[in-house]
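The values are calculated or read from the model by the stated rules, or taken from the named source; none is laboratory data. None of the values given here were measured: they were computed from a predicted structure. Positions of Cβ are backbone-derived with ideal geometry, glycine not excepted, and every protein chain shown enters the neighbour counts. SASA here: full protein model, heavy atoms, side chains in, ligands and nucleic acids out. Shrake-Rupley method; radii C 1.70, N 1.55, O 1.52, S 1.80 Å.
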2 protein chains.
Amino acid sequence: MRVSQFFLSTLKEAPSEAELISHRLMLRAGFIKRLGSGLYTWMPLGLRVLRKVEHVVREEMNRAGAIELLMPAVQPAELWQETGRWDVFGPQMLKIKDRHQRDFCFGPTHEEVITDIARREIRSYRQLPLNFYQIQTKFRDEIRPRFGVMRAREFMMKDAYSFHADFASLEQTYQAMYEAYTRIFTRLGLKFRAVAADTGAIGGSGSHEFHVLADSGEDAIAYNPDSDYAANVELAEAVAPAAPRPAALQALSKIPTPGKHSIEEIADFLKISPTQTVKTLIVEGTEGPLALLLRGDHQLNEVKAARLIGQDIRFASEAQVRAVAGCSAGSIGPVGLSIPVIADRAVAAMADFVCGANEDGFHLSGANFGRDLPEPTVADIRNVVAGDPSPDGKGALDICRGIEVGHIFQLRTTYSAAMGCSYLDESGKAQTMEMGCYGIGVSRIVGAAIEQNFDARGMTLPETMAPFLLAIVPVGYQKSEVVRETADNLYRELLQAGIDVLMDDRNERPGVMFADMELIGIPHRVVIGERGLKDGLIEYQGRRDEAARTIPVAETGVFLTNMLAT
Amino acid sequence: MRVSQFFLSTLKEAPSEAELISHRLMLRAGFIKRLGSGLYTWMPLGLRVLRKVEHVVREEMNRAGAIELLMPAVQPAELWQETGRWDVFGPQMLKIKDRHQRDFCFGPTHEEVITDIARREIRSYRQLPLNFYQIQTKFRDEIRPRFGVMRAREFMMKDAYSFHADFASLEQTYQAMYEAYTRIFTRLGLKFRAVAADTGAIGGSGSHEFHVLADSGEDAIAYNPDSDYAANVELAEAVAPAAPRPAALQALSKIPTPGKHSIEEIADFLKISPTQTVKTLIVEGTEGPLALLLRGDHQLNEVKAARLIGQDIRFASEAQVRAVAGCSAGSIGPVGLSIPVIADRAVAAMADFVCGANEDGFHLSGANFGRDLPEPTVADIRNVVAGDPSPDGKGALDICRGIEVGHIFQLRTTYSAAMGCSYLDESGKAQTMEMGCYGIGVSRIVGAAIEQNFDARGMTLPETMAPFLLAIVPVGYQKSEVVRETADNLYRELLQAGIDVLMDDRNERPGVMFADMELIGIPHRVVIGERGLKDGLIEYQGRRDEAARTIPVAETGVFLTNMLAT
């Protein structure tokens, strides 16, 4: 493509609306143009990137045996009423009335539509399993759309839905999708993790989120840099310390701690580490109050604790605390408490710890389980922190942030049962189908990839998703015949070799052309100028290279073709 | 692709809802599945066809220098309010309120959105001309969706919009689009015509519709089978007869025609051809009633007549007719009328004609202009009929029916002026841009093509849009090792040659497989069976061939590759 026949529209400054680097760069590079809140036009340059992502997704879905179809964006309410989601989906669903006042929505997802197709099309176990997918426009009416295409209202999604005769078949396809997603994000050159996700009622290994790792991500992820273990911080298991509890060495003693309430204040005051302290939280249990014990530097994980005690976490009021412990919240401790006590695994391994004395203005030091208070119930009730042992036993966890770009889920029979989606088994008996669903945020990937691939000059996109693979920048294309001829010849040679090349044939200053090609993230660049040509040389530089190198003109075509042809 | 890994779902009978052959065949072949009124899922087989159409459209748009982008489906009302179309578009526009009660629509077209982009992105004449296009989902809330994908509510459209510094540039792009459309429909193997369309206020050559010719079309088209002339019947010029008016031979005489009113009744009664009669219609003019004269077998063209008299056609009431002519409508004639008379060109060339006598129950015969009544004003006010001379002077017209699949239009400054879309010219002065727009009904093309390409056994799709190019039908694939091995080898060989092949590896009776492959319109088929293989032969048959022919197994790969590789 020649720039003169394309539409390049870069900006020096990003509009002030953009917070994230990817959003700023996409606006500056002219990838997208805002139409309204959460609505973006994919401009020619951005669309090329989107299509490249789409291409990789499609290839890998096909390779994994999924079959593409295309469902309507507009969906009748009746199907959503069958599953009950018409009423519970909430205001994210864009509801529509047609000219006859019938109810529709702009589909935020397609479980109902595909299940309706499956129940009408699939009769026999012989037709199963089947995995259908589409790459299609969705709408979710976010209350606060932001971050450009990362949290747009209208967006492009790959959604797949699989149908099975039994759970074993679902697990097989789920695994195939896990592997396809891994190939997709690997081919797109992304640093990512598959993260075990909360499956709610389903449990087990029934759901994984795929996160692109980036500081701007909205989700905190615990991962093992030395293995493929990863989980949402809220779900990552905090394993028990490997070392057994040390022997008690100190005597229990009561220390005045006037005006000191928080762990930080106590540790400062006593000149000890917070890791030597235990904090006590009183929460409402199903049969009265409970005490939860955490090491001073740890945080309660409410998801784990709620699962343990069987209801959402509600902290005791000031009055309740005083009734139970006889003091304010800053001085509670487990010694002498008459309510059940649950200690985090890390607490259970402590000896000679500091805790509240259940008396305002006092703490205890040298406290020990089994001597000063009974052995507690032990459970995992905290968030993991960086340095914790990895649950897979292969080293230590690190914490990072991630952008969710994919999600695979074992739906089981949630939708098929509600909608009567069944097949006849080998004995002719109707059975409800098992289902899985598998989503990828195709347009979000573009933003997420940029969050991982940029520098001060602009985007540094991976080859698989850059708008063009190579830029030819002739200096003086309009003025110098030798430059023009050399550039045109190289351009033709590369086009013939099937290389996706952009030729900057504008009448611009070199600095403007260099800045544009760098901003829009083209991975490879050659510069052709009169000065170099006098010595028979042109310049090549990779987008991430520190410096350019020169190559003899005669060898340039072969050099680039060898490097870039796949 | 192997059928066992694909989703084939054919029906013996089409659902009763389908009127058109294309709709019936698309449902039977499992190309589409109805979700709701005017809403269709493109099933895997149909989607392949849709994508092939899309591919040809995209290639030719790119070749013609158009630049692809992708605009949102959901559009804010504000833009439509700027052009005034929010209020006048009517109930075809699907209006939506978001969670904040702001007004949006599901875009039925994108003039406003692209003009908004152009006015923000294009500054200088140096950037012009530009031609942007997208292939995207549209919604028009048809009051009576029907004919499957031909008049669906949600559909896929290619819409392009061009921007220009002056009209000459618009005309150039318009011509390039005309040629691109011609290439697209030619490559898709369609019998089509570019039809001059009514441009309303714009006039000239400012609009063409592209029609696929098919008996089921909703539009009547006059075309010249020997040239590329074509026009909507309502717009085709009825040229004056080549031969001059004959000399008057008969005397004027009044004939009793009791109870005879219509042209057919009069012609029957007098045993003459309707072509010897003249019918007289009284309509309201801007300055009183007018008489319009048509040959008995011709029909008034209200569009032409309205343009001539400067207002919509309103026929005179019974009372008005009696006031003007002194008789009822069945006996009016031009002789002796005191109101202005406009004769169609065909009437002006008649002599010795029969017409009403302006007296109930009587007609005149042997009437002649210049002798019995004044020479009339002459104009083209009728619909053309088959056999009329072609306006391009190259033979005679024929009439057929067409399905509109494309429309190109010189918008001029309608939208750019309303939305302040201007550029700076060479002297730095702001000028309003000229605009063109160019649409193709991508999903409609699939239906229209089937209307042209079917037989008793199913679809006979052109190679460029068939779901697969070739079917391999092994007889006894699951039972016979030699059949399986031969089929698998051929399948691999063709795949490697890049041929889009479907291998029917099902355990079905041959008749079922043949019927399916024919129904879904695969252009080429080979049959591999044990009997033929004994003699080293396999069978080949083109979808439109009368009979199969045998080919030595060893030569089959080369034979097919040569025939099918492009």
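Each listed q (0.12, 0.23 Å⁻¹) maps to a log10 I(q)/I(0) for the stretch B:127-227 from the Debye sum over equal C-alpha point scatterers, namely -0.54, -1.45. Per q in 0.18 Å⁻¹, report the Debye log10 I(q)/I(0) for the stretch A:416-530, using one uniform scatterer on each alpha carbon and no solvent. Reported log10 I(q)/I(0), two decimals: -0.94.
Label-point spacing for residue A:225 across the identical copies (point 7 Å from Cα in the Cβ direction), in nm and ascending order: 8.0. Using Cβ point charges alone (K and R +1, D and E -1), the dipole size of the stretch A:260-390 about the Cα centre works out to roughly 120 debye.
Stokes-Einstein, applied to the Kirkwood radius of the stretch A:26-183 over Cα pairs at a viscosity of 1.306 mPa s and 10 °C, places its translational diffusion at 91 µm² s⁻¹. Interface of B with A. Using a 1.4 Å probe and counting protein heavy atoms only, the two chains hide about 4600 Å² of accessible surface, both sides summed.
Remark: relative contact order (chain B) = 17 percent; criterion is Cα-Cα distance under 8 angstrom and separation of 6 or more residues. Along its principal axes, the protein assembly as shown has C-alpha extents of 142, 81, 77 angstrom, given from the largest down. Each Cα pair under 8 Å and six or more residues apart adds its sequence gap; the mean of these over the residue count of the stretch B:468-564 is a relative contact order of 32 percent. Its relative contact order, with pairs defined as Cα atoms under 8 Å and 6+ residues apart, puts the stretch A:44-174 at 25 percent. Across the identical copies, the label point of residue B:396 (7 Å from Cα in the Cβ direction) is separated from its matches by 9.6 nm, in order from shortest. Could you tell me which of the pairs A:138/B:95; B:138/B:191; A:95/B:95; B:12/B:479 are separated by over 19 angstrom between their Cα atoms in the structure shown? Violating the 19 Å Cα-Cα cut-off are B:138/B:191; B:12/B:479.
Within the shell defined by Cβ-Cβ distances under 13 Å, the residues around residue B:267 carry a net charge of 0, with Lys and Arg each +1 and Asp and Glu each -1. The stretch B:124-177 and the stretch B:281-324 have Cα centres lying 38 Å from one another. Within the stretch B:334-363, whose backbone N sits under 11 Å from a point 7 Å along Cα→Cβ of residue B:322? No residue passes the distance filter. With the helix formula -39500 (n - 2.57) applied to DSSP H stretches of n ≥ 4, chain B reaches a computed 222 nm mean residue ellipticity of -8000 deg cm²/dmol. Distances from residue B:322 to itself in the other copies, using label points 7 Å out along the Cα-Cβ axis, amount to 10.4 nm in increasing order. Looking at the stretch A:69-172, which trypsin sites (Lys or Arg not before Pro) are DSSP coil and have at most 15 other C-beta atoms within 10 Å of their C-beta? Hits after loop and neighbour filter: A:99, A:102, A:123. In plain terms, the chain from residue A:175 to residue A:396 could stretch by 76.9 nm, reckoned as 0.36 nm per residue minus the Cα-Cα distance. For the stretch A:294-342, the extents of the C-alpha atoms along the principal axes are 28, 24, 17 Å, listed from largest to smallest. With loop membership from DSSP and a limit of 14 other Cβ atoms within 10 Å, the longest segment of chain B without GluC sites (Glu not before Pro) is B:20-217. Among the trypsin sites (Lys or Arg not before Pro) found in the stretch A:7-76, those both in a DSSP coil and sparsely packed, with 10 or fewer other Cβ atoms within 10 Å of their Cβ, are A:12. Among the trypsin sites (Lys or Arg not before Pro) within the stretch A:461-500, those in coil by DSSP and having at most 16 neighbouring Cβ atoms inside 10 Å are A:479. The calculated FRET efficiency for residue A:485 paired with residue B:554, based on their beta-carbon distance and R0 = 35 Å, is about 0.10. Cα convex hull, the stretch B:207-307: 211 Å³ per residue, rounded to a whole number. Evaluated at q = 0.05 Å⁻¹, the base-10 log of the normalised Debye intensity for chain B, with identical point scatterers placed on the Cα atoms, takes the values -0.32. Beta bridges per DSSP, both residues in the stretch B:468-564: antiparallel share near 50 percent. If r is the Cβ-Cβ distance from residue B:99 to residue A:102 and R0 is 25 Å, what FRET efficiency results, to the nearest 0.05? Using R0 = 25 Å, I get an efficiency of 0.75. Other residues with beta-carbon under 15 Å from the beta-carbon of residue B:371 carry, at +1 per Lys or Arg and -1 per Asp or Glu, a net charge of -2.
Projected onto planes of every orientation and averaged, the convex hull of the alpha-carbon atoms in the stretch B:83-175 covers 8.3 nm².
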